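Right, one structure below, let's go through it.
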Amino acid sequence: TAAEVPGQMSLTLNNVSFSYPQQTQPALANIHLQVNAGEHIAILGRTGCGKSTLLQLLTRAWDPQQGELLLNQQPIAALDEITLRRSMSVVPQRVHLFSATLRDNLLLAAPGATDDELTTVLTRTGLDKLLDDSGLNSWLGEGGRQLSGGELRRLAIARALLHDAPLMLLDEPTEGLDATTESQILDLLADVMRDKTVLMVTHRLRGLARFEKIIVMDNGHIIEQGNHAEL
Ligand code: ATP
Ligand code: MG
């Protein structure tokens, strides 16, 4: 069985470099980053600079050719799969919708959740209108209801809330949301993030004052680090 996942997560990247297969230009080059337990980090930078790649290395979707990534001082490469998954809640840039019920689309993030818990999370993320006729039995995806871009983002946020891991990796969680919905979601995240370590990729400058540290990437490098006042 997997080791128990601690409630607090720190994160260390030591000189991490990564190139995608068949690519000559590295997507990440010599990344050094220390994230203390409970810190909230925003990651900014132009499209294609490597923000999503950085999060994907943390989920072990790819292995770096150089350097090491540590979760609570332990190499991520050595963690068993269950511990790794339990350690982090991820809102990916591309959200996958399964052709399945609304319930099953949520339960994959938290297999033990009750219908009451699922309904509460749908309400908190403003997705309760998906409950219309068939409730949690509503069929999504092929042969059922397709979700808008903003609904998909909120479904991913709902999954992350249910998963409730100590490290949150959020890749543009409010992309495609109107200003009102965005501020509702940012308020919700601010509440959830309080006792968690967070890396959030964003293009928006709104809400950045809530983050202890902002890092700016360019072309696979971290080019600036500081707090909201400094940058
Ligand atoms: P955006 O803001 O548009 O989401 P990003 O900062 O998240 O951009 P990444 O997705 O990390 O950027 O991509 C970094 C670089 O790696 C880009 O040049 C991209 O083209 C390249 N890249 C991303 N995924 C792959 C892949 N699977 N194979 C090869 N190259 C890739
Ligand atoms: Mg990206």
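Every read-out reported here was derived from the displayed coordinates using simple, explicitly stated rules and does not represent laboratory data. No experiment lies behind these values; they were computed from the predicted model shown. Glycine gets a Cβ as well: all are built from the backbone with ideal geometry, and neighbour counts include every protein chain shown.
Annotations
- Quarter of the Cα convex hull surface for region 36-76, i.e. its orientation-mean projected area (nm²): 3.6 nm²
- Each Lys and Arg Cβ is given +1 and each Asp and Glu Cβ -1; about its Cα centre, region 33-142 then shows a dipole of about 480 debye.
- Angle in degrees between helix 149-163 and the longest Cα principal axis of the chain, rounded to the nearest 10: 80 degrees
- Placing +1 on the Cβ of every Lys and Arg and -1 on the Cβ of every Asp and Glu, with no other charges, gives region 115-165 a dipole of roughly 280 debye about its Cα centre.
- Long-range HN-HN contacts of Val90 with modeled amide H, under 5 Å: Leu169
- Antiparallel bridge percentage (DSSP; both residues within the chain; nearest 5): 50 percent
- Since only Ala110, Leu140, His96 are under comparison, the one whose Cα sits farthest along the positive direction of the charge dipole of region 86-153, derived from C-beta charges on Lys, Arg, Asp and Glu, is His96.
- Nonlocal amide H pairs with Gln66, under 5 Å, H built at 1.01 Å: Ser17
- Within the chain, all pairs of alpha-carbon atoms sorted by distance into 5 Å bins from zero give the percentages 1, 6, 14, 18, 19, 16, 13, 8, 4, 1, 0.
- Rounded to the nearest Hz, the phi-derived 3J(HN,Hα) couplings of region 222-227 under the Karplus curve 6.51 cos²θ - 1.76 cosθ + 1.60 (θ = phi - 60°) are 8, 9, 8, 9, x, 8, where x marks glycine and proline.
- Restricting the GluC sites (Glu not before Pro) of region 54-135 to loop positions (DSSP other than H, G, I, E, B) with no more than 12 neighbouring Cβ atoms within 10 Å leaves nothing.
- Under a model in which nothing but the beta-carbon of Lys, Arg (+1) and Asp, Glu (-1) is charged, region 123-203 shows a dipole of about 160 debye around its Cα centre.
- Dipole of region 1-97 [Lys/Arg +1, Asp/Glu -1 at C-beta], most positive-end residue of Asn36, Ala61, Leu79: Ala61
- Size descriptor, Kirkwood hydrodynamic radius, that averages inverse alpha-carbon separations across region 123-231, Å: 15.6 Å
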